[in-house]
Structures are given as C-alpha cells and as structure tokens.
Amino acid sequence: MELQEGIQQFINYARFEKKQSAHTLLALENDLQQFQTYILDVYQLTLLKDISHLYIRSWLSQMMENGIGARSVARKVSSLRAFYKFMLSEELVMQNPMTRIQAPKVEKKLPVFIEERAMKELFALESVQTETQNNIETWQDELILLTYYTTGMRLSELIGLKESDVDFYRMQLKVLGKRNKERIIPITNELSDALQAFIAAKRVEGLAATHLFCLANGEALYPKKIYNMVKARLSEVTTLQKRSPHVLRHTFATHMLNNGADLNAIKELLGHANLSATQVYTHNSIERLKQVYKNKHPRA
C-alpha cells in the first residue's frame, strides 16, 4: 500500500470512528503530510513497506536541526505512533517502526492560572446582572467570562452550548466534549439567574437563536472572537503573557483544588479521560503550599 493511501485511511478512521475534533484532525493530517513529503523528497519512497525506523529518525533529526521545538517534534512522533498503530491493526504493515523511535524529552509546563484576587477584581469591574444589561453584547461577554470561570469548560464546548442545554430547575448544564462525550456540569445561583435574564433579553432583542451565546445575526460565535474578547478583558486584571479562554479553564481547576475540591471531582467536571491529565493542577497547589509555609513557618 502507498503511504498516501494509508494516511487517508487513517484520517477517515480518526474522523468517523474515533470522532476526533477538527483541531486534532488538522494536526494529524499536517504531521503525516509533512512526513510523506519528506520521505518522498529525500528518499523517493512511496510504499509503506519500504519505510523503516531509520527514515523516521532521519526526519526527526532534520526537524531538530532546523530548530523545530521538542514539543512540536514530540507531537509529530505521537501522530506517527497513532498512524502505525492503526496500520498494524488493519494488517497493512507487518512491523511497527515506531517501536524503535524515542520522542524527545519535553519539559512539562505548569498550567497558567489567574489569582483569585484578580478574578474578583475582574467581575467587580462590571456587574453581570445590572450595568451591562443595557448592552446585550457586553452583557454576553460578561456571561461568557462567568461561564468559563464557574464551569471550566473548553472553548469548543462553550461555542456549542444551546439554550436547551441549560437546566435551570436542576441548576446544571450539558456540554458536548471531546469525541462527542456528554457531561453534566452544575452551575451557581449567580450564573443561573444571569442566564435566565439574558435569554429573556435575547427574546426582546429578537435573538431567538438556538445557541446560548451568539452573534448579532443569531449565528454561533467563532473562536477568534471569543479569544480576542477574553484576552482583552483579562488584560485589565493581569500581566500574564497567556490570557486565553483555556487559562480560565486552568484557573477554574486550580481554584477548585486550592479550596479543597477532590481531584476526581475536578476530573469529571473538566471532562478529562484520565486522572493524569488533572494531576498537573496539584503542582500549582504545592507551589501555593510552599509559599504559605515560607511565609508562616517561624524557621522557614
């Protein structure tokens, strides 16, 4: 089988069987197409059976020599591992060359989060339920920030939220996470009251949209618009270099953990498949404990 044909089969599998997100699919396709281009240009190989671990190592070495970061190279190794695992399961290759490939070590970065004081300051700038109601777009921005901070949901999950996903009676909302996995997240009284008032205001404005948060024409919001809004608003209360919606997700998890929440409960709220993905937040809590120890212990 040709490498190009194998890549297409794998991408179809990832899209239709694994239900991978558009972002993941794009990354997989880009990584594998780059690999195919290198193998063809440098070695003039097109067949899967002719590609050994030596050619893969050569590709990885070239990337490192060209200044590609270890994190990016490690992601491409991960893409190739997934590709060859599928090829092996479908018996399209007899041996997996990735068993002899080692990814470069990547320094783990702690999740960036905003201090509780700064978050209190952010929501004190404008009251979600009073001053901003005169401008529905500004009010929506405030509600998006509050929803992020009180639920910890992902950007794609927020964009996909529909009015019918909010259960005001049970004080919860339903989100569609990665691989179309649904989960339920409880909401606060503050957010529930604000969302009810906001939906009523949308009706008055003629915005009978399916999506909970939407554009002026009723269409769903797009990632760049939300990202720019969040970045601008967080710039008012923090000097952190990263000021994205995902930082609010990190902030939600870190503040929950710092205030005594169980790690497994945070895992379920965030929609993580494995506890290891959630455990990264314990490092931030340990740093906080170290600071308390340093400030409070008489011999520290």
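The values are calculated or read from the model by the stated rules, or taken from the named source; none is laboratory data. Just so it is clear, the model here is predicted, and its values are computed rather than measured. Cβ sites come from the backbone with ideal geometry, for glycine too, and all protein chains shown count toward neighbours.
Just one of the numbered conditions (1) in the same structural domain as Ile226 (by TED's automatic domain parsing); (2) over 30 Å from Glu163 (Cβ atoms) is not true of Leu110; which one? So Leu110 meets the others, but not (1).
Yes/no per residue for (1) closer than 25 Å to Glu17 by Cβ; (2) among the hydrophobic types (A, V, I, L, M, F, W, C); (3) in a loop (DSSP other than H, G, I, E, B):
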position: Ser58; (1), (2), (3): no, no, no
position: Ser61; (1), (2), (3): no, no, no
position: Ser72; (1), (2), (3): no, no, no
position: Arg75; (1), (2), (3): yes, no, no
position: Ser78; (1), (2), (3): yes, no, no
position: Phe83; (1), (2), (3): yes, yes, no
position: Glu91; (1), (2), (3): yes, no, yes
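When Ala74, Ala27 are screened for being among the small types (Gly, Ala, Ser), within 21 Å of Lys178 (Cβ to Cβ), touching a residue at least 40 places away in the same chain (Cβ under 8 Å) and surrounded by fewer than 18 Cβ atoms within 10 Å (Cβ to Cβ), only Ala27 passes. Regarding the range 99-120, can at least one residue be identified that is in a loop (DSSP other than H, G, I, E, B) and touching a Gly at 6+ places or on another chain (Cβ under 8 Å)? No, that holds for no residue.
Suppose the filter is farther than 21 Å from Tyr149 by Cα, assigned by TED's automatic domain parsing to the domain that holds Leu143 and either at pLDDT 95 or above or among the polar types (S, T, N, Q) (or both); does Thr210 pass it? So Thr210 passes the test. Candidates Tyr43, Tyr13: the one that is surrounded by fewer than 17 Cβ atoms within 10 Å (Cβ to Cβ) and touching a residue at least 24 places away in the same chain (Cβ under 8 Å) is Tyr13.
Residues in the range 14-30 that are of a type in the set (S, T, N, Q) and not in a helix (DSSP H, G or I) were compared, and the one that is modelled with the lowest pLDDT is Ser21. Might you let me know whether the range 233-246 holds any residue that is free of Cβ contacts under 8 Å to residues at least 12 places away in the same chain and among the small types (Gly, Ala, Ser)? Yes; the residues of the range 233-246 include at least one that is free of Cβ contacts under 8 Å to residues at least 12 places away in the same chain and among the small types (Gly, Ala, Ser).
Pairs meeting the criteria (first residue in the range 156-178 and assigned by TED's automatic domain parsing to the domain that holds Ala200, second residue assigned to a strand (DSSP E or B) and polar (S, T, N, Q), beta carbons under 9 Å, at least 6 apart or on different chains) are Val166/Gln172. Of the candidates Ile11, Ile7, the single residue that is modelled with pLDDT of 95 or more, more than 24 Å from Ser61 (Cα to Cα) and not assigned by TED's automatic domain parsing to the domain that holds Asn180 is Ile11.
Counting only helices (runs of 4 or more DSSP H) wholly contained in the range 165-282, the ones carrying 2 or more residues that are surrounded by 19 or more Cβ atoms within 10 Å (Cβ to Cβ) and of a type in the set (Val, Ile, Thr) occupy 223-234, 245-258.
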